[in-house]
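The values are calculated or read from the model by the stated rules, or taken from the named source; none is laboratory data. Please read these numbers as outputs of a predicted model, since none were measured by experiment. Positions of Cβ are backbone-derived with ideal geometry, glycine not excepted, and every protein chain shown enters the neighbour counts.
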Amino acid sequence: MPVQKMLDELNELRHDVLELAHSVENAVTDVHEPHLDRIDRAERCRQMVAHCQRLLVLYQPVAADFRQVMSILEIAAEYERVANQASAIAEWTDSPSALAVPLLAALQRIAEAETQLCQLALEVAAQRTPTAIRRVWRAYTELTDLVAIFTDRLTGAMKADPMAVEPGIGLFALVQSFRRIADAAVEFAEGGHLTPENSNDRSYSDGAWPRSASSFPSAV
């Protein structure tokens, strides 16, 4: 019974991750979101972190379950940072930089890609099929490419316009949080799929699943 209860709580956390991803995506799209909504989202993140910590102490999960709980813990912590940094989006909206609008559009695309990746990662943990794994790999690669392009453009905008430096720093921190969430989502999917017996002979070159998110080539 304790094991089943732990699995039920883990499934609840998975559902919370997806809800949180959609919530953050909506927040990035709505640059003038009420401040109280951001506070509420940050509080939900803190509750998820506390839930993960409680699960770790109470059930002491091992192997794949432990890795998945730790991944969710990292995702929730990073989403809290995103919620705290959301004011940078509104600041950039008021920036006179000519790149403000296209950069915000690119940031929204990153948030959408993040939601898709989180959803795929949850599916991989449930389905454990090679097709689902390849979909996560493609989604991760797409997101890291978007992050690299965004970072280059943001750096250029900050160099060209001193007024863009302060809000730009906030956006840079924001997009790096998205990248770390992507890494944690990959770790979550990996934790639910690989076993010591079938992971050692996997190679990145043939499109199979790498041992960890750090095995991916860095895009930033």
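Go through region 121-147 and report how many residues are closer than 13 Å to residue 175 by Cβ and exposed (fewer than 15 other Cβ atoms within 10 Å of the Cβ). Walk me through it before giving the result.
Of region 121-147, the ones closer than 13 Å to residue 175 by Cβ are 143-147.
Among the residues that remain, those that are also exposed (fewer than 15 other Cβ atoms within 10 Å of the Cβ) are: 145.
Matching residues across region 121-147 total 1.
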If you check every pair at least six apart or on different chains, which have Cβ atoms under 7 Å apart with a residue in region 38-54 that is of a type outside the set (A, V, I, L, M, F, W, C) first and a residue that is part of a helix (DSSP H, G or I) and surrounded by fewer than 13 Cβ atoms within 10 Å (Cβ to Cβ) second? none
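Which one is modelled with the lowest pLDDT, of the residues in region 83-133 that are assigned to a helix (DSSP H, G or I) and acidic (Asp, Glu)? Explain how you work it out, then say what you get.
Initially, region 83-133 is screened for residues assigned to a helix (DSSP H, G or I), giving 83-85, 87-93, 100-127, 130-133.
The next check asks that each one be acidic (Asp, Glu); those that pass are 91, 112, 114, 123.
Values: 91: 64, 112: 92, 114: 93, 123: 81.
Ranking the candidates gives 91 first.
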Would you be able to say whether some residue in region 63-82 is more than 30 Å from residue 3 (Cβ to Cβ), at pLDDT below 80 and in a helix (DSSP H, G or I)? no
Spot the failing condition for residue 163; the list is (1) modelled with pLDDT under 85; (2) in contact with a helix residue (DSSP H, G or I) (Cβ under 9 Å, 6 or more places away or on another chain); (3) not polar (S, T, N, Q), and only one is missed. (2)
Can you list residue pairs whose Cβ atoms sit under 7 Å apart, with the first residue in region 157-176 being farther than 11 Å from residue 85 by Cβ and the second being not in a helix (DSSP H, G or I)? Count only pairs 6 or more apart in sequence or on different chains. 157/97; 157/99; 161/97; 163/95; 163/96; 164/95; 164/97
Count - residues of region 46-86 that are over 14 Å from residue 12 (Cα atoms) and of a type outside the set (S, T, N, Q): 22
